[in-house]
Amino acid sequence: MTIPKVIFLDAVGTLFGVKGSVGEVYQTLAQQAGVQASAHELDKAFYRSFAVANAMAFPGVPDVEIPHQEYLWWLAIAKDTFQRAGVFQEFSDFEVFFEGLYQHFATAAPWMVYQDTVNSLKRWQRKGISLGIISNFDSRIYAVLDALNLKQYFQTITISTEAGAAKPDALIFKTALQKHDCNPQDAWHVGDSRKDDIEGAQSAGLRGIWLKRPSQNQIQSPIVA
């Protein structure tokens, strides 16, 4: 098998994932705000909200405004999640609660690095392969990767909010390839979503490798807020 010049990887669901479930994290933080909610119902509500949301990409938006647009995008998801779970009205100030929730997911606390992640990254590095991330993540990814001690392994990070296009759009893959001055046929992309990662990579000319982890939710694992 020909060794690629670059291997790109998805982030959440591929390199690292949520400890427990999104619903459990939401439940714990809601309890701290005095709101009782079912982790199971919150988890279901979150994935339904996420599934119907528009792609997290803001073409034409100035770079300086992107973090605020990301925040508003996730605020809408969180509101819809707690409304679907039937507990939204129990918050005395939901936006204050959400600010804490949003910052929580920028830390290492809710995340776990998969056991095979670091060994795989080190093995590819020893082979002289450049590594990059292509993710429908927001700009908190830089803080998360740093907190999880993963940032050091990657030469580039390409996210949908900065590229102006979300996977499976070919533009985000082309943007990442340009950073490495790499032709599509010389690159692989590894991810947990058949549609976004595999079909998206293949449509852009890269080799797509599907990483399906045990007990993985049927929906692509999203970055959460």
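Could you compute the net charge surrounding residue 94? Neighbours are other residues with a C-beta less than 12 Å from the C-beta of residue 94; K and R count +1, D and E count -1. Mind dumping the intermediate values first?
Details: positive: 79; negative: 80, 90, 93, 95, 99.
With Lys, Arg at +1 and Asp, Glu at -1, the neighbours total -4.
Considering only protein heavy atoms, what per residue accessible area in square angstrom results for the chain with a 1.4 angstrom probe? Provide the component values of the computation, followed by the final result.
Working: 10660 Å² over 225 residues.
In whole numbers, the chain has 47 Å² accessible per residue.
Could you tell me the largest-minus-smallest coordinate of the C-alpha atoms of the chain on each of the three principal axes, in descending order and whole angstroms?
That gives 56, 38, 27 Å along the principal axes, largest extent first.
In the chain, once you exclude exposed trypsin sites (Lys or Arg not before Pro) (DSSP loop, at most 10 other Cβ within 10 angstrom), what's the longest stretch remaining?
Working: sites that count: 127, 212.
So the longest stretch without any such site is 1-126.
Would you mind computing, in nm to one decimal, how far apart the modelled labels at residue 118 and residue 104 are, each placed 7 Å from Cα along Cα→Cβ?
Inter-label distance under the simple model: 2.6 nm.
Using unit Cβ charges (K, R positive; D, E negative) and no other charged atoms, how large, in debye to the nearest 20, is the dipole of the chain about its Cα centre? Numbers along the way, then the final one.
Details: 20 positive and 23 negative charges, 212 e Å.
Roughly 1020 debye for the chain.
Rounded to whole Å and ordered largest first, report the semi-axes of the equivalent ellipsoid of the range 23-75 derived from its Cα gyration tensor (root of 5λ).
On the way: eigenvalues 158, 41, 7 Å².
Square roots of five times the eigenvalues give 28, 14, 6 Å.
Let me know the shape class of the range 116-218, please: from the alpha-carbon gyration tensor, a ≥ b ≥ c as square roots of the eigenvalues, rounded when a/c is under 1.5, otherwise prolate if a/b is greater than b/c, or oblate.
Working: a/c = 1.18, a/b = 1.13, b/c = 1.05.
In terms of gyration-tensor shape, rounded.
Name the residue from 108, 87, 149 whose Cα lies farthest towards the positive end of the charge dipole of the range 72-159, charges +1 on Cβ of Lys and Arg and -1 on Cβ of Asp and Glu.
Sorting the options by dipole projection puts first 149.
Per the 1.4 Å probe, what fraction of the accessible area of the range 90-134, in percent, lies on carbon and sulfur atoms?
Of all accessible area on the range 90-134, carbon and sulfur atoms account for 45 percent.
Amide H neighbours of residue 190 under 5 Å, counting only residues 5+ apart in sequence or on other chains, H built in-plane at 1.01 Å?
8, 9, 10, 209
Give 79/167; 122/167; 174/195; 44/79; 5/151 a once-over and call out the pairs whose C-alpha atoms are over 22 Å from each other.
On the way: 79/167 24 Å; 122/167 26 Å; 174/195 17 Å; 44/79 14 Å; 5/151 19 Å.
Pairs exceeding the cut-off: 79/167; 122/167.
Pairs of alpha-carbon atoms within less than 8 angstrom and 6+ residues apart define the contacts here; what relative contact order does the range 20-106 have, in percent?
On the way: 73 pairs, mean separation 28.1, N = 87.
Contact order relative to length: 32 percent.
Mean residue ellipticity at 222 nm from the helices of the chain, using -39,500 (n - 2.57) per DSSP H segment of n ≥ 4 over the full residue count, to the nearest 500 deg cm²/dmol? Spell out each step's value before the answer.
On the way: 9 runs with 91 residues, N = 225.
Rounded to the nearest 500, it is -12000 deg cm²/dmol.
The values are calculated or read from the model by the stated rules, or taken from the named source; none is laboratory data. Quick caveat: nothing in here was measured; it's all calculated off a predicted structure. Counting neighbours? That spans all protein chains shown, and the Cβs are built from the backbone with ideal geometry, glycine included. The accessibility values were calculated without ligands, DNA or RNA, using every heavy atom of the protein model including side chains. Shrake-Rupley method; radii C 1.70, N 1.55, O 1.52, S 1.80 Å.
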